[in-house]
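Undergrad: Sharing a structure here in structure tokens format.
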Amino acid sequence: MAIDMELEAVLRPPEAPQAPYPAKVITLANGKRMVVREVTRADVPKLLRVVHPTLFIDKDYYNVVGARLYSELLAWQYYRVQNEFCLVGQIDGILVGMVNSRMYTAETGMSLHTLAIDRGLRIGAHLFAAKMEHHIEFLGQKEVLIVAESPIGFRRWMTEYGLEPTTIPHELGGAPAYRLTRQLYFDSKPRLVVGDRPVPDELLAVAEQELIAADESMIREKIAGLKGR
Amino acid sequence: MRDVAIIGVGMIPFGRRDQDSLIDMLAYASMKALDDAHLGDKAVDAVYVANMGGGILQHQTGIASALVDRLSLLPAAADLVENGPASGASAIKNGVQAIASGYSDVVLVAGGEKMREVTGWRATDFVATLTHPESEYPYGITLPGMAGMFTRLYMEQHGLTAEALVAVAIKNQEMGALNPYAHVEMMITKEGIFDSPHSVVNNPLVADPLRLYDACPVSDGAAAVLMCPLEMARELTEKQPVVVAGFGQATDTHTLQERDDPTDLKAVRLAAQQAFDRAKLKPSDVDVAELHDAFTVLEIAESEHVGFFGKGEGSKAALAGLTRFGGKIPINVSGGLKARGHPVGATGVAQVVEITWQLRHELPKERQVKNAKVGLTVNFGGFGNNVLAFVLRRAS
Amino acid sequence: MSNLQITGYKCKHCGRIHYPRHEQCLQCHGREFESIAPEGNATLLAYTQIFNLPWGFDERFLIIGVAQFGNGIKSMGQIKAESLDQLHTGMQLRPVWEPVRYVYGEPVYGLKLEPMG
């Protein structure tokens, strides 16, 4: 069915303008270089292919995170959220993780999800840090509200950043949110936020040329750590 | 006293094994060891099971009885041996003593641990129950914390450097990547974990000055060995026997604070010395060693305490590549605890399995120490308060 | 009189100081001990900053060390510092007895050590 643009004009929320996230490159523990950059709506179908297998991984809450992320990306693609941004990590063009988030108000960010495709390289930690960097440094927000759906997330975000507990209900199910303030961000930045800018042209070109999705079994194996069976 | 031979070994890949129960893992490794020996219908007399945390982590006790039933080895004697992270070597020692004394002929030792079923917080707390319940545990001290204090002192007093620790981490992860049984397959680089300014996130402090890549992972896994008197080995199996030439065990104070010199791993020193004396061999006779590198610093410190290097020389040896595969004394060619993983009850058994493969010359050439005849293992319990060493020899 | 709930044990035969308790002296195997309390300030012998804490702790990190009191008792304790930059082995620490963890909301008391100067 063709999209009825007249109806869409009614259904689509007004979009808030957002500053772009400048790409950066991070050297990982294995020496590989991960490009972190912002993607657009046009990239969503590719992202969904990568997220889809996680819907069926009943481990470490991957299914919960995956299903919610899937729906958020889909809603973004079809203009059903006021605003959203998505940053991805790529090694040699291969998508290894993504984070999404949105501006709740001009001053408050609402952190949504973090999904790392490869485990053991702290890709999730790097991408979460990039998300906070975007909220605070490029979007200029005063605070970011955060909840964790998994123990790994809780340990990484709430404990490592020393987030403040609040009673503010988070968009993700109304759980009391934790808050990253500008002060906390800048206090934590030296030990949690890294990356070099600008990204060398040749590296950025590889990343922008294609978002390569590894095949499903590889993703499952890498995410779920199914080695040994 | 009879000489004791290892006639069968088995291991399952270490890692995160959500699908398997603790007993499943112990049973799989045991069957591999039994099959490895092609034992036929010769009955196993006794089973020793090494496990530290079944009671806490799985809420399961009577683990040896459960395993011997699962394996249908009834009515073999069955006992659980718990000696913290040195449970594996302790269980093997019990098996060796049973055979040497003549009480048993064919003994199966299986070691296993299932640690990934709980969160990291719980696993850390579980291991910390090794510490003194009154004077250590309440403070939140962890085993990485103990190792952190030890490392700082070793740096201050014995010339240990962060670069030497990095060299051990890279070496062991390189070797682990070649070991199909290893939990960690990933290679790391000095740039990524040390030189690059990004390493502050890649390799964060765990217990200052130790960092993430100085520590072993938390793993599930199991390993098993089958032993009999050397004189029976040739008739029971066609496998190349490996002789338990000597073992040693020593203890030290429960708390680190009561040691006159906390950088002296007295129990390691004494256990290794006993093992060499019983084997009538010396450190320079060893072709390959598996040392308990729960933290990179321990590989270096143990390499000094067992007599491979003088005190303060272990760092230099690690940096010079003397402990690499192909070096003067290859250490942790398996990847060690650092890369193979450290399912605590399994570790001491896995070390003996690895050395058995080395002495049988069964490994692929990229990690087979050429013509290896003598191997050493060190299994380190608590923070060095209960340590076992084995000297193993290829039977002539 | 110290308010530190730490009892050291001095061997009546050889004088070795023990903490925690042993049934026999570590040095001479003597069985008679004099109970002693920690005296004075303490000297820092070893320390670390731990980031991956066990269940039961909400802090981002703990700084833990081993210190020796003037009368020879050695004990572990939590160090009241924000960073290791404030510490070095051999420095003096002031002991206090304060909650070191909470179990089901109830405080568990133990030794805390404050850097001096």
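Undergrad: List the residue pairs whose Cβ atoms are under 8 Å apart, where the first residue sits in the stretch B:230-258 and is within 30 Å of B:GLU136 (Cβ to Cβ) and without any contact (Cβ under 8 Å) to a residue 24 or more places away in the chain, the second is of a type in the set (A, V, I, L, M, F, W, C) and surrounded by fewer than 20 Cβ atoms within 10 Å (Cβ to Cβ), and the two are 6 or more positions apart or on different chains.
TA: Pairs found: B:GLU258/C:LEU26.
Undergrad: Quick check on B:ASP20: is it touching a residue at least 12 places away in the same chain (Cβ under 8 Å), more than 14 Å from chain C (Cβ to nearest Cβ), within 23 Å of B:ASN385 (Cβ to Cβ) and over 19 Å from the mean Cα position of the chain (by Cα)?
TA: So B:ASP20 fails the test.
Undergrad: Additional query: C:ILE63 passes all but one of (1) more than 9 Å from chain B (Cβ to nearest Cβ); (2) in contact with a helix residue (DSSP H, G or I) (Cβ under 8 Å, 6 or more places away or on another chain); which number fails?
TA: (1)
Undergrad: If I go through the stretch A:16-48 residue by residue, how many of them are closer than 29 Å to A:ALA205 by Cβ and either loosely packed, with under 15 Cβ neighbours inside 10 Å or within 14 Å of chain B (Cβ to nearest Cβ) (or both)?
TA: 20
Undergrad: Could you say whether any residue in the stretch B:243-265 is under 21 Å from the mean Cα position of the chain (by Cα) and within 14 Å of chain A (Cβ to nearest Cβ)?
TA: No: zero hits.
Undergrad: To continue, here is another question. Just checking, does the stretch B:180-188 include any residue being farther than 24 Å from C:ARG60 by Cβ, of a type in the set (Val, Ile, Thr), part of a helix (DSSP H, G or I) and more than 7 Å from chain C (Cβ to nearest Cβ)?
TA: no
Undergrad: Moving on. Quick check on my filter: what residues within the stretch C:75-108 are at positive phi and within 12 Å of chain B (Cβ to nearest Cβ)?
TA: C:GLY90
Undergrad: Would you mind listing the helices (runs of 4 or more DSSP H) fully within the stretch A:127-229 where at least 1 residues are at pLDDT 90 or above and surrounded by fewer than 19 Cβ atoms within 10 Å (Cβ to Cβ)? Even if it seems obvious, please write down each step before you answer.
TA: Values: elements: A:182-192, A:201-209, A:216-224.
Here the list reads A:182-192, A:201-209.
Undergrad: Further question: Would you be able to tell me the number of residues in the stretch B:239-271 that are of a type in the set (A, V, I, L, M) and under 19 Å from C:ARG21 (Cα atoms)?
TA: Number of matching residues: 1.
Undergrad: When the residues of the stretch C:1-11 are filtered to those that are surrounded by 13 or more Cβ atoms within 10 Å (Cβ to Cβ) and either among the aromatic types (Phe, Trp, Tyr) or more than 16 Å from B:GLN257 (Cβ to Cβ) (or both), which remaining residue is nearest to the other protein chains (Cβ to nearest Cβ)?
TA: The selected residue is C:TYR9.
Undergrad: Has the stretch C:65-79 got any residue that is within 23 Å of B:ASP214 (Cα to Cα) and surrounded by 19 or more Cβ atoms within 10 Å (Cβ to Cβ)?
TA: Yes: one or more hits.
Undergrad: To continue, here is another question. Working only within the stretch B:322-344, note down all residues that are small (Gly, Ala, Ser) and surrounded by fewer than 24 Cβ atoms within 10 Å (Cβ to Cβ).
TA: Scanning the stretch B:322-344 gives B:GLY326, B:GLY327.
Undergrad: Here's a follow-up. Looking at the stretch B:1-27, which of the residues that are in a loop (DSSP other than H, G, I, E, B) and crowded, with 23+ Cβ neighbours inside 10 Å is modelled with the lowest pLDDT?
TA: Let us first name the residues in the stretch B:1-27 that are in a loop (DSSP other than H, G, I, E, B), namely B:1-3, B:12-14, B:16-21.
Next, only the ones that are crowded, with 23+ Cβ neighbours inside 10 Å stay: B:12, B:14, B:16-17.
Numbers: B:ILE12: 98, B:PHE14: 97, B:ARG16: 92, B:ARG17: 95.
Within the stretch B:1-27, the match that is modelled with the lowest pLDDT is B:ARG16.
Undergrad: Something else now. Before we move on, is A:ARG122 within 26 Å of B:ASP214 (Cα to Cα) and either touching a Ser or Thr at 6+ places or on another chain (Cβ under 9 Å) or modelled with pLDDT of 80 or more (or both)?
TA: So A:ARG122 fits the description; yes.
Undergrad: State whether one or more residues within the stretch B:32-39 are over 24 Å from the mean Cα position of the chain (by Cα) and either in contact (Cβ under 8 Å) with a residue 40 or more places away in the chain or away from chain A (no Cβ under 14 Å) (or both). Can you show your working first?
TA: Taking the stretch B:32-39 and keeping what is over 24 Å from the mean Cα position of the chain (by Cα), we get B:38-39.
The next check asks that each one be either in contact (Cβ under 8 Å) with a residue 40 or more places away in the chain or away from chain A (no Cβ under 14 Å) (or both); those that pass are B:38-39.
Taking every residue of the stretch B:32-39 in turn, at least one turns out to be over 24 Å from the mean Cα position of the chain (by Cα) and either in contact (Cβ under 8 Å) with a residue 40 or more places away in the chain or away from chain A (no Cβ under 14 Å) (or both).
Table: residues versus (1) of a type in the set (A, V, I, L, M); (2) within 14 Å of chain C (Cβ to nearest Cβ); (3) surrounded by 22 or more Cβ atoms within 10 Å (Cβ to Cβ); (4) not in a loop (DSSP other than H, G, I, E, B).
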site	(1), (2), (3), (4)
B:ILE56	yes, yes, no, yes
B:LEU67	yes, no, yes, yes
B:LEU74	yes, no, no, no
B:ALA100	yes, no, no, yes
B:TRP121	no, yes, no, yes
B:ASP125	no, yes, no, yes
B:SER135	no, yes, yes, no
B:ILE141	yes, yes, yes, no
B:GLY148	no, yes, yes, yes
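Undergrad: In the stretch B:206-232, how many are touching a strand residue (DSSP E or B) at 6+ places or on another chain (Cβ under 6 Å) and closer than 21 Å to A:LYS32 by Cα?
TA: The total comes to 3.
Undergrad: Let me ask something else about it. Here are some residues: B:GLY321, B:GLY314, B:GLY326, B:GLY381. Which one is of a type in the set (Gly, Ala, Ser) and within 30 Å of B:LEU80 (Cβ to Cβ)?
TA: The conditions single out B:GLY381.
Undergrad: With touching a residue at least 24 places away in the same chain (Cβ under 8 Å), of a type outside the set (Ser, Thr, Tyr) and within 14 Å of chain C (Cβ to nearest Cβ) as the only criterion, which of B:VAL306, B:VAL288, B:VAL297 stands out?
TA: Answer to the selection: B:VAL297.
Undergrad: Only residues that are closer than 19 Å to B:GLY159 by Cβ and among the charged types (D, E, K, R): list them for the stretch B:294-327, please. Walk me through it before giving the result.
TA: Initial filter on the stretch B:294-327 (closer than 19 Å to B:GLY159 by Cβ): B:295-323.
B:GLU299, B:GLU302, B:GLU304, B:LYS311, B:GLU313, B:LYS316, listed by residue number.
Undergrad: I'd like to know if the stretch C:34-56 contains one or more residues that are at positive phi and away from chain B (no Cβ under 13 Å).
TA: yes
Undergrad: Ok, one more. So for the stretch A:87-96 (the condition being more than 12 Å from the chain's Cα centre (by Cα), under 21 Å from A:ALA67 (Cα atoms), of a type outside the set (Gly, Ala, Ser) and part of a loop (DSSP other than H, G, I, E, B)), does at least one residue qualify?
TA: Checked against the condition, which is being more than 12 Å from the chain's Cα centre (by Cα), under 21 Å from A:ALA67 (Cα atoms), of a type outside the set (Gly, Ala, Ser) and part of a loop (DSSP other than H, G, I, E, B), the stretch A:87-96 yields no hits at all.
Undergrad: Would you kindly identify the helices (runs of 4 or more DSSP H) lying entirely within the stretch B:197-307 that contain at least 3 residues that are at pLDDT 95 or above and of a type in the set (D, E, K, R)?
TA: B:266-279, B:296-305
Undergrad: Please verify whether B:LEU226 is over 30 Å from C:SER83 (Cβ atoms) and surrounded by 24 or more Cβ atoms within 10 Å (Cβ to Cβ), treating the condition exactly as stated.
TA: The answer is yes for B:LEU226.
Undergrad: Exactly one condition in (1) within 19 Å of the chain's Cα centre (by Cα); (2) buried (at least 20 other Cβ atoms within 10 Å of the Cβ) is false for B:GLU82; which is it?
TA: (2)
Undergrad: Within the stretch B:82-96, does at least one residue satisfy the condition of being among the charged types (D, E, K, R), at the interface with another protein chain (Cβ under 9 Å from one of its Cβ atoms) and not in a helix (DSSP H, G or I)?
TA: Filtering the stretch B:82-96 for residues among the charged types (D, E, K, R) gives B:82, B:93.
Add one more test, that the residue is at the interface with another protein chain (Cβ under 9 Å from one of its Cβ atoms), and what stays is none.
No; the residues of the stretch B:82-96 include none that is among the charged types (D, E, K, R), at the interface with another protein chain (Cβ under 9 Å from one of its Cβ atoms) and not in a helix (DSSP H, G or I).
The values are calculated or read from the model by the stated rules, or taken from the named source; none is laboratory data. What you are looking at is a predicted structure, and each value in this text was computed from that prediction instead of being measured. As a convention, Cβ positions derive from the backbone with ideal geometry for all residues, glycine included, and neighbour counts pool all protein chains shown.
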